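Comments concern the structure below.
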Amino acid sequence: MISHYNKERIKRFYNYDPSKENSIFSKAKELLNKNISEAISASPYRSRCLNPRSKGDIGNIIQECCFGLPANSSELPDFPEAKIELKIIPLERTSQGLTVKERTKICSINYHKLIKEIWPSSHAKRKLNKILFIYYEYNALSKLDSKIKFCDMWALNKIKEQPIIRSDWEVVKKKVEQGLAHELSETLSRILAATRSGSGGVDQNGIARDLTTQPNSRIPALRRAFSIKQSYTNQRWLELFKKDIFESIIDTLPGASASNFEDKVLKKLWSFKGQKLGDFANKLKISIPSGKNAAAAIIKKAIGFKNVNSRIKEFDQIGTEVRVLPIRTKDHKPWEAVSFSQFKFKEVIKEAWEDSELLQFVDSILFIPIYRKAAKTPLSQRVIGKAFLWKPTKNELETIQEEWSMYLDEIKSGKAKPRKIKSGSKTKEVTSLSKESNTKIIHIRPHAKNRKDRDEDQFGNRPVKHSFWLNKAFVHELLRKNV
């Protein structure tokens with residue numbers, strides 16, 4: 001008998017059969033376009049109320065109120081007879097539309113049990129074999145008004161990414177076998193990551209909370225869980241509604257597979273090294289209207305995509321960004337630093353490092369150097385360099401984290417407050433945030449459309465919008481090492 005699961009009670013009160021996939025999916029579809037209040041009202045279990053401090057509360061409500069499944073810590077899937085796991089995915093509305101808000105926890109990691117497991121019968125695979133994803137739009141002002149948008153049955157044996165997911169699991173297991181669980185990081189994985197589990201932070205003595213023992217080492221390690229990365233579930237969500245916006249490397253590039261598509265893309269791009277963008281465009285019969293679009297055209301046409309406006313499915317899944325590097329021909333130095341998306345001052349100071357937007361940005365970047373002799377060299381005369389994939393080393397990540405933490409402390413202390421200083425015969429606006437020259441890898445600086453494009457910090461100061469940037473000197477060093 002399965003302790004967390006009362007089949008007859010569920011059939012009687014919730015009007016579906018939890019042992020049959022079709023019945024489970026039909027029950028899920030009944031929830032579509034209902035907000036959480038309506039879902040509770042339609043449930044025989046109405047006494048549940050929202051705890052605004054509980055991050056996963058909406059997930060618990062859907063699980064308990066709508067499916068009759070109480071919260072449990074079983075190693076079996078939520079619907080054990082049907083072998084289906086239930087996962088609730090929050091969406092948030094952004095400038096790009098609805099996007100997945102966070103990673104999806106699959107199961108906790110027991111380091112001592114993990115090293116005794118094999119993939120086919122592992123705890124993680126049992127949870128991953130088949131998942132019912134239910135997506136809802138998160139309403140920050142009123143959680144009860146959050147609306148259920150879509151449901152999707154996902155099966156591990158039907159996706160091309162299964163080898164990547166297995167490889168990610170094996171990488172984590174190997175680290176633990178080596179007594180290096182304390183060195184685990186989300187950046188080691190492409191889809192299935194070992195993410196921090198627990199409240200985080202440090203205690204009054206400055207020691208990290210959520211520590212546990214690990215095999216083959218006396219060093220305590222942070223508690224972790226296997227989670228599907230946000231980039232993967234976001235790509236799947238987008239593809240459900242906008243199939244035409246994606247093309248696949250695996251489907252298009254000869255010889256490409258889930259285990260080698262990055263190498264295949266790089267080798268294809270290397271074959272274009274030294275060609276002028278104008279010659280390349282003429283050969284492929286495409287126009288390259290701007291530097292930003294040049295990168296998309298190069299990589300997508302090199303792969304064999306039909307549409308240069310398509311998004312690259314596999315890169316979206318694993319969170320790899322494609323960036324053009326404008327390089328000065330005479331000394332191989334970048335013309336500019338590499339920027340990331342704007343952040344909001346009030347939101348960035350609430351982030352934890354492993355949940356931070358910056359960590360997602362630097363996780364994996366495919367750089368395409370484009371050489372030009374002068375700043376105004378015509379686009380057609382610019383030359384394609386040797387593309388390379390950058391994934392931060394352990395030391396680089398530690399430095400990035402230190403500098404990110406420093407900037408958060410500065411923002412919290414009010415150093416984002418703008419002030420005007422004289423610059424020759426004019427004045428310019430500056431803040432007291434550390435400059436690029438004070439850091440090794442990243443810095444913060446303005447990234448606004450104009451002087452009216454402003455943000456607000458927690459003190460009511462209104463600086464222009466900012467973002468994180470990779471330092472020019474660091475990017476130059478990456479070029480030196482890779483090109």
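The values are calculated or read from the model by the stated rules, or taken from the named source; none is laboratory data. On a predicted model such as this, the values are computed, not experimentally measured, just so you know. Positions of Cβ are generated from backbone atoms using ideal geometry, with glycine treated the same way; all protein chains shown enter the neighbour counts.
Being surrounded by fewer than 17 Cβ atoms within 10 Å (Cβ to Cβ) and not in a loop (DSSP other than H, G, I, E, B) is the filter here; which residues of region 292-320 pass it? If the condition is that a residue be surrounded by fewer than 17 Cβ atoms within 10 Å (Cβ to Cβ) and not in a loop (DSSP other than H, G, I, E, B), then Lys292, Asn293 are the ones that fit. Does Thr94 qualify as being β-branched (Val, Ile, Thr) and surrounded by fewer than 15 Cβ atoms within 10 Å (Cβ to Cβ)? Here the answer is yes, as Thr94 does meet what is asked. Residues considered: Glu85, Glu102, Glu8, Glu64. Of these, the only one that is surrounded by 14 or more Cβ atoms within 10 Å (Cβ to Cβ), over 30 Å from Leu184 (Cβ atoms) and either modelled with pLDDT of 90 or more or over 23 Å from the mean Cα position of the chain (by Cα) (or both) is Glu64.
Among what's in region 371-395 and is part of a helix (DSSP H, G or I) and more than 19 Å from the chain's Cα centre (by Cα), pick the residue that is nearest to Leu359 (Cα to Cα).
Per the stated criteria, the residue is Asn395.
Of the residues in region 424-435, none is at pLDDT 95 or above and within 23 Å of Ser185 (Cα to Cα).
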